[in-house]
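Participant: Before we start, here is the structure in question, set down as structure tokens.
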Amino acid sequence: MSHRAGRWLGILGLTLMPLSCTALPETREPGEGALAVEALPRTDAVPLEWGSLIAVNPWPEASESALWFQDDSGTVRLVRFDHQTRKLRPRAQLIRRR
């Protein structure tokens, strides 16, 4: 390929590049698919209705862990535990089964 042809292909590529950055159309309604949030009545205990503890894993923040609970209907709840304060965070995320 000649130097001139390579230059023209480079210019063509640079002019077409902004077209690849076009925003994609929305495929769902705003807020649809977001996880529900549930307030904890207390930060020192987990309600019995939450069911069994199914997993514990470290949260990206080094001083916290994620506790996962599943109830009889299959609903999974995620609540964070702060190791420094030794308390649960006041809100949990719900993942419901359909």
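Read-outs throughout are calculated quantities, based only on the coordinates presented, and are distinct from any laboratory measurement. This one's a predicted model, so the numbers in the text were calculated from it and none came from an experiment. All Cβ positions, even for glycine, are placed from backbone atoms using ideal geometry, and neighbour counts span all protein chains on display.
Participant: Among the candidates ARG97, ARG89, single out the residue that is among the basic types (Lys, Arg), surrounded by 13 or more Cβ atoms within 10 Å (Cβ to Cβ) and within 24 Å of ALA34 (Cβ to Cβ).
Facilitator: Values: ARG97 fails: surrounded by 13 or more Cβ atoms within 10 Å (Cβ to Cβ).
Within the list ARG97, ARG89, the selection yields ARG89.
Participant: Cβ-Cβ distance below 6 Å, separation of 6 or more or different chains: which pairs start in the range 36-60 with a residue that is surrounded by 14 or more Cβ atoms within 10 Å (Cβ to Cβ) and end on one that is outside any strand (DSSP E or B) and β-branched (Val, Ile, Thr)?
Facilitator: none
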